[in-house]
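Visitor: Could you have a look at this structure, given as structure tokens, before my questions?
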Amino acid sequence: MKAIFFLFFLGFAISGCESPKTHDLKESPVDLVNPLVDAANSRWFFFNSATRPFGMVNLSPDNILSGAWGSGYRYNTDTIRTFSHVHAWQLSGIPVMPISGDFNGSMGPEVYKSKFSHDKEVVKAGYHKVELEKYGIQVELTSTKRVGFHRYTFPKSKQNHIVIDLAIELGPSETESGFIKRISDTELEGYAVMASTRRRPKPVEVYYVIQFDKPFSTLKAWQDGIENDVYDSIKGHGIRGYVTFESLNREVRQMKVGLSYVSSEQARKNLNQELPHWDFESIVDESRNEWNDILSKIEVKGGNKEERSRFYTDLWHALQGRRIISDVDGMYCDRTGDSKKIKQIPLDSNNKPLFNHYNSDSFWGAQWTLNTLWHLVYPKISEEFIQSMLLMYKDGGLIPRGPSGGNYTYVMTGATSTPFIISAYMKGIRNFDIKLAYEGMRKNHFPGGLMSKAGYEHNTFIGGGLEHYIKKGYIPYPLPESNYPKDKIYGSHQDGAGQTLEYAYQDWSLAQMAKSLDKNDDYNLFSERSNNYKNLFDSKIGWMRVRTPDRSWQEPFDGLMYNHGWVEANAVQSTWFVPHDVDGLIQLMGGRQNFNDKLNRSFEVSSQYDFKSSEHGDRTGVTGNNLKQGGKIEKEKEEPYLNYGNQPSMQAAYLFNYSGSPWLTQYWAREVIEKVYSGVSPFQGYSGDEDQGLMGALSVLMKMGIFSMRGGTAIEPVYEISSPIFNEIVIHLDENYFPGKSFVIQSVNNSKENRYIQSASLNGDNLSKPWFFHKELIKGGVLKLEMGDKPNKNWGNAEEDVPPSMSNELK
């Protein structure tokens with residue numbers, strides 16, 4: 001029975017399903033996207049359907065309303081409570097619900113909710129259709145970047161209603177208050193004030209304008225359980241408004257919802273400019289074409305249809321979650337100060353904003369994912385994000401690591417924007433104020449900058465432990481400061497050992513930028529600080545280890561203890577986090593053989609658990625006492641040593657390229673793909689926390705067979721090679737940034753069994769090493785890999801063939 005269901009779902013998921021308009025029969029990337037992958041485990045901002053790339057509007061059904069986790073669209077539920085327009089990092093807003101029959105919405109979504117069935121549901125990139133069984137209403141959704149577009153088909157009824165519910169907890173925040181104003185019998189405007197959260201410390205107003213294609217007869221509202229006739233407006237806490245109208249059988253009614261974080265006037269401007277008509281089909285097509293254009297920057301040939309579907313679904317996710325917060329004319333709301341301010345992005349000669357302003361979760365771990373994928377395939381996007389970061393620096397004094405609606409959130413740890421900006425610069429993406437960028441990055445690496453703050457530390461600069469890092473060469477755990485508890489309000493990631501490793505890599509990255517700008521004193525300073533990772537390595541046990549304030553090792557040593565000094569990881573996973581100096585780590589471990597044996601054993605054990613940490617990846621953590629003093633494995637583990645459900649060890653498969661065993665990189669990369677990033681099931685797909693495209697981007701890169709251990713922050717960035725799953729991959733390079741037209745990766749005799757590189761050539765020249773320079777790729781050309789079912793252990797294993805590291809570059 002399970003097999004029958006799977007085959008049915010697979011056919012539904014990748015056949016193209018029902019389309020609102022017939023398109024050509026050629027297989028297009030957009031038609032291979034399956035938004036339902038892992039939708040049963042949806043986080044508030046994870047699921048996407050009616051949205052554009054980085055769109056302010058992400059319109060979709062909400063099955064579960066409250067909470068940042070386990071909310072929004074959840075595939076394994078059978079009830080829709082609302083359709084809301086904002087699913088972003090710590091942002092939500094403007095839920096609506098069509099109803100037919102006697103009005104039953106006054107008591108909220110638990111009363112007006114409706115059952116639905118996946119059998120009558122169509123979910124595509126930019127389009128969502130579903131039927132509300134309780135009311136017999138067909139709902140269709142699409143969008144522009146800042147406008148949600150609804151098409152409802154109603155049954156015959158004397159009473160139909162559309163509810164605007166500004167009284168509920170929606171995703172990560174409660175609705176603090178709202179405002180609904182009648183402009184005419186076809187238009188409403190207003191706002192919802194989304195309350196502050198522990199991550200986003202200030203409230204955010206989401207302004208809207210709603211336009212209907214046909215008049216409504218009445219506007220009414222409820223406030224705190226009391227019904228009000230509304231002639232012109234209602235505002236305050238706990239309000240629910242609704243419009244009422246009659247309908248004929250199968251009567252179609254349409255609704256447009258324009259959004260802005262600035263004002264209702266700006267929401268109307270966004271609506272009028274982006275969607276001045278009522279042609280629903282044309283917007284579905286426009287959305288499809290926009291997605292197809294951006295996804296077609298990478299073309300793949302070979303593999304089966306499911307593999308191609310999953311690849312483009314991964315790429316689709318890599319372009320989601322991080323959302324525009326500025327208006328079509330460049331107006332935006334700055335909430336970095338004591339009071340909000342409305343500001344203007346600079347305009348070009350055509351009076352168009354030079355860039356968009358973005359809301360974003362942290363770039364924690366992005367050095368291995370978005371740094372590589374975006375900078376190579378979507379350099380314009382990378383450039384805009386940097387310009388957006390620098391705009392916030394000018395507004396609030398810090399380059400952010402996760403802004404939300406103009407707020408700082410201080411999500412995660414370290415200066416995660418540093419590698420992102422530097423990697424772009426090193427790859428020739430430089431259309432931003434480089435002097436300002438260096439100034440802001442440097443500030444983040446000193447007391448008073450982001451390295452001084454632990455996760456969500458809004459009002460102090462203590463939890464980052466930066467003074468200890470500078471003075472002692474490591475950050476102790478726990479911090480010795482008195483009256484500073486590790487809790488969810490004042491810094492939830494006070495995990496000194498993990499922070500030390502992150503800071504060391506980020507310091508090395510900043511040192512490279514300093515060198516390229518001839519700032520030699522800074523180069524020497526940050527280069528020296530980048531050696532701090534060595535202060536955590538205990539040569540007696542062979543693993544990184546937590547140090548206490550008095551410089552002693554934390555006792556007892558439990559290599560699998562989650563957190564407690566490690567940021568969303570453990571000692572075993574974090575030991576491999578030395579991306580800037582893998583050669584130095586190899587030396588600390590006693591050479592190649594010891595390094596390979598330990599890393600390979602970690603993969604062997606983790607493979608038994610599909611490279612995932614517990615049921616929900618990083619959410620439940622890793623515990624255990626089987627890796628004890630002396631580093632001996634006393635019994636088989638209950639949790640993996642490597643976790644591909646979170647960022648800290650996602651680079652591990654590529655470490656073998658540095659230790660003379662690239663064939664093991666090829667083997668284990670394919671194993672991770674097969675067990676973690678394969679299939680199109682709604683019940684699995686990203687092993688826990690997809691984090692706004694980070695896991696999707698990693699999956700794309702692994703399937704393409706390229707990676708960048710140092711995140712592209714070296715003065716001469718490189719790409720490391722693994723085992724592509726497709727016969728041919730074409731990267732269409734942006735001619736505005738790179739001189740070549742395309743770069744092609746060919747895998748000859750490729751198959752599931754033929755995963756090992758026998759030989760390689762780059763533009764016809766023999767390539768004996770498992771890496772090549774970025775400057776070679778962007779000229780365009782062909783990387784050709786001859787594949788086989790047996791490893792060629794002589795290819796890429798010579799000392800001189802390993803990728804560059806800090807230590808071997810200094811030799």
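Visitor: Quick one: in region 503-530, of everything that is of a type in the set (Phe, Trp, Tyr) and within 17 Å of GLY711 (Cβ to Cβ), which residue is farthest from the chain's Cα centre (by Cα)?
Guide: PHE526
Visitor: Something else about it: Can you tell me which of HIS357, HIS317 is under 24 Å from the mean Cα position of the chain (by Cα), touching a residue at least 40 places away in the same chain (Cβ under 8 Å) and in the same structural domain as PRO724 (by TED's automatic domain parsing)?
Guide: Within the list HIS357, HIS317, the selection yields HIS317.
Visitor: From the list ALA514, ALA504, which one is within 26 Å of GLY590 (Cβ to Cβ) and assigned by TED's automatic domain parsing to the domain that holds GLY491?
Guide: Details: ALA514 fails: within 26 Å of GLY590 (Cβ to Cβ).
Result: ALA504 is the single residue among ALA514, ALA504 that is within 26 Å of GLY590 (Cβ to Cβ) and assigned by TED's automatic domain parsing to the domain that holds GLY491.
Visitor: Among the residues of region 325-339, write down those that are small (Gly, Ala, Ser) and either assigned to a strand (DSSP E or B) or over 14 Å from LYS394 (Cβ atoms) (or both). Working first, answer last.
Guide: At the first step, the residues of region 325-339 found to be small (Gly, Ala, Ser) are 326, 330, 337, 339.
Those that are small (Gly, Ala, Ser) and either assigned to a strand (DSSP E or B) or over 14 Å from LYS394 (Cβ atoms) (or both): SER326, GLY330, SER339.
Visitor: A further question follows. On the given criteria, is GLN387 in the same structural domain as GLN320 (by TED's automatic domain parsing), part of a helix (DSSP H, G or I) and either surrounded by fewer than 24 Cβ atoms within 10 Å (Cβ to Cβ) or touching a Cys at 6+ places or on another chain (Cβ under 8 Å) (or both)?
Guide: Criteria met by GLN387.
Visitor: For region 351-407, what are the residues that are acidic (Asp, Glu) and touching a Ser or Thr at 6+ places or on another chain (Cβ under 8 Å)?
Guide: Matches in region 351-407: ASP395 only.
Visitor: While we're here: Of the numbered conditions (1) surrounded by 22 or more Cβ atoms within 10 Å (Cβ to Cβ); (2) outside the structural domain of GLY365 (by TED's automatic domain parsing); (3) of a type in the set (A, V, I, L, M, F, W, C), LEU810 fails exactly one; give the number of that condition.
Guide: Condition not satisfied by LEU810: (1).
Visitor: Restricted to region 428-460, and to residues that are in contact with a Gly (Cβ under 6 Å, 6 or more places away or on another chain) and surrounded by fewer than 24 Cβ atoms within 10 Å (Cβ to Cβ), which residue is nearest to VAL377 (Cα to Cα)?
Guide: The residue in question is LYS443.
Visitor: Can you name the residue in region 524-555 that is in a helix (DSSP H, G or I) and among the charged types (D, E, K, R) and, of all such residues, is surrounded by the most Cβ atoms within 10 Å (Cβ to Cβ)?
Guide: Taking region 524-555 and keeping what is in a helix (DSSP H, G or I), we get 524-536.
Filter once more, so that each one left must be among the charged types (D, E, K, R): 528-529, 534.
Values: GLU528: 12, ARG529: 19, LYS534: 17.
Here the answer is ARG529.
Visitor: Within region 495-505, identify whether any single residue is in a loop (DSSP other than H, G, I, E, B) and among the charged types (D, E, K, R), and answer yes or no. It would help to see each step written out before you state the result.
Guide: Step one: list which residues in region 495-505 are in a loop (DSSP other than H, G, I, E, B), which gives 495.
Adding the requirement that they be among the charged types (D, E, K, R) leaves 495.
Yes - at least one qualifying residue is present in region 495-505.
Visitor: Give me the pairs: first residue in region 715-730 and among the acidic types (Asp, Glu), second residue part of a loop (DSSP other than H, G, I, E, B), beta-carbon distance under 7 Å, and six or more apart or on different chains, which are they?
Guide: From residues that are among the acidic types (Asp, Glu), the pairs are GLU720/SER708; GLU720/MET709; GLU720/PRO770; GLU720/PRO803; GLU728/GLY302.
Visitor: Name the residue that is surrounded by the fewest Cβ atoms within 10 Å (Cβ to Cβ), counting only residues in region 92-135 that are among the polar types (S, T, N, Q) and modelled with pLDDT of 95 or more. Walk me through how you get there before you give the answer.
Guide: We begin by selecting, within region 92-135, every residue among the polar types (S, T, N, Q); these are 92, 100, 104, 106, 114, 117.
Narrowing the set further to residues that are modelled with pLDDT of 95 or more leaves 92, 100, 114, 117.
On the way: SER92: 32, SER100: 20, SER114: 23, SER117: 10.
Looking at residues that are among the polar types (S, T, N, Q) and modelled with pLDDT of 95 or more, I get SER117.
Visitor: Also, quick follow-up: When GLU246 is evaluated against the numbered criteria (1) touching a helix residue (DSSP H, G or I) at 6+ places or on another chain (Cβ under 6 Å); (2) surrounded by fewer than 20 Cβ atoms within 10 Å (Cβ to Cβ), which criterion, by number, is the only one it fails?
Guide: (1)
Visitor: Output the residues belonging to region 731-749 that are β-branched (Val, Ile, Thr) and either crowded, with 19+ Cβ neighbours inside 10 Å or on the phi > 0 side of the Ramachandran plot (or both).
Guide: ILE731, ILE745
Visitor: Select from region 55-67 the residues that are surrounded by fewer than 24 Cβ atoms within 10 Å (Cβ to Cβ) and either aromatic (Phe, Trp, Tyr) or closer than 17 Å to ASP119 by Cα (or both) and list them in ascending order. Let's see the steps before the verdict.
Guide: Residues of region 55-67 that are surrounded by fewer than 24 Cβ atoms within 10 Å (Cβ to Cβ), as a first pass: 63-67.
Once the filter is applied, which keeps residues that are surrounded by fewer than 24 Cβ atoms within 10 Å (Cβ to Cβ) and either aromatic (Phe, Trp, Tyr) or closer than 17 Å to ASP119 by Cα (or both), region 55-67 yields only ASN63.
Visitor: Next up: Suppose the filter is touching a Gly at 6+ places or on another chain (Cβ under 9 Å) and buried (at least 17 other Cβ atoms within 10 Å of the Cβ); does SER708 pass it?
Guide: no
Visitor: For region 25-63, name all the residues that are closer than 16 Å to PHE683 by Cβ and either without any contact (Cβ under 8 Å) to a residue 60 or more places away in the chain or of a type in the set (Ser, Thr, Tyr) (or both).
Guide: Once the filter is applied, which keeps residues that are closer than 16 Å to PHE683 by Cβ and either without any contact (Cβ under 8 Å) to a residue 60 or more places away in the chain or of a type in the set (Ser, Thr, Tyr) (or both), region 25-63 yields SER42, PHE47, ASN63.
Visitor: Right, something else. If you take the residues of region 489-518 that are surrounded by fewer than 22 Cβ atoms within 10 Å (Cβ to Cβ) and at pLDDT below 95, which of them is nearest to LYS427 (Cα to Cα)?
Guide: Ranking the candidates gives SER492 first.
Visitor: Determine which single condition LYS305 fails, assuming it passes every other condition in (1) touching a His at 6+ places or on another chain (Cβ under 6 Å); (2) surrounded by fewer than 19 Cβ atoms within 10 Å (Cβ to Cβ).
Guide: Against the list (1) touching a His at 6+ places or on another chain (Cβ under 6 Å); (2) surrounded by fewer than 19 Cβ atoms within 10 Å (Cβ to Cβ), LYS305 comes up short only on (1).
Visitor: Right, here's the next one. Quick check: anything in region 594-613 in a loop (DSSP other than H, G, I, E, B), of a type in the set (A, V, I, L, M, F, W, C) and modelled with pLDDT of 90 or more?
Guide: yes
Visitor: Taking region 536-591 as the region of interest, how many residues are under 22 Å from GLU481 (Cβ atoms) and of a type in the set (S, T, N, Q)?
Guide: Residues flagged as under 22 Å from GLU481 (Cβ atoms) and of a type in the set (S, T, N, Q) within region 536-591 amount to 4.
Visitor: Next question. Among (1) more than 20 Å from SER84 (Cβ to Cβ); (2) crowded, with 16+ Cβ neighbours inside 10 Å; (3) more than 26 Å from the chain's Cα centre (by Cα), where does GLY225 come up short?
Guide: Going through (1) more than 20 Å from SER84 (Cβ to Cβ); (2) crowded, with 16+ Cβ neighbours inside 10 Å; (3) more than 26 Å from the chain's Cα centre (by Cα) one by one, GLY225 breaks only (2).
Visitor: When you scan region 360-370, how many residues do you find that are closer than 22 Å to TYR408 by Cβ, under 12 Å from the mean Cα position of the chain (by Cα) and among the polar types (S, T, N, Q)?
Guide: Adding up the residues that qualify gives 2.
Visitor: I'm told GLU110 meets every condition in (1) without any contact (Cβ under 8 Å) to a residue 40 or more places away in the chain; (2) in a loop (DSSP other than H, G, I, E, B); (3) under 27 Å from ILE180 (Cα atoms) except one. Can you identify the failing condition by its number?
Guide: Condition not satisfied by GLU110: (2).
Visitor: Let me ask another. Which residue, of LYS453, LYS471, LYS443, LYS435, is within 25 Å of the chain's Cα centre (by Cα) and of a type in the set (Lys, Arg)?
Guide: Values: LYS471 fails: within 25 Å of the chain's Cα centre (by Cα); LYS443 fails: within 25 Å of the chain's Cα centre (by Cα); LYS435 fails: within 25 Å of the chain's Cα centre (by Cα).
Just a single option satisfies the conditions, and that option is LYS453.
The values are calculated or read from the model by the stated rules, or taken from the named source; none is laboratory data. The model shown is predicted, which means the values in this text are computed figures rather than measured ones. A quick note on method: Cβ atoms are made from the backbone with ideal geometry, for glycine too, and the neighbour counts reach across all protein chains shown.
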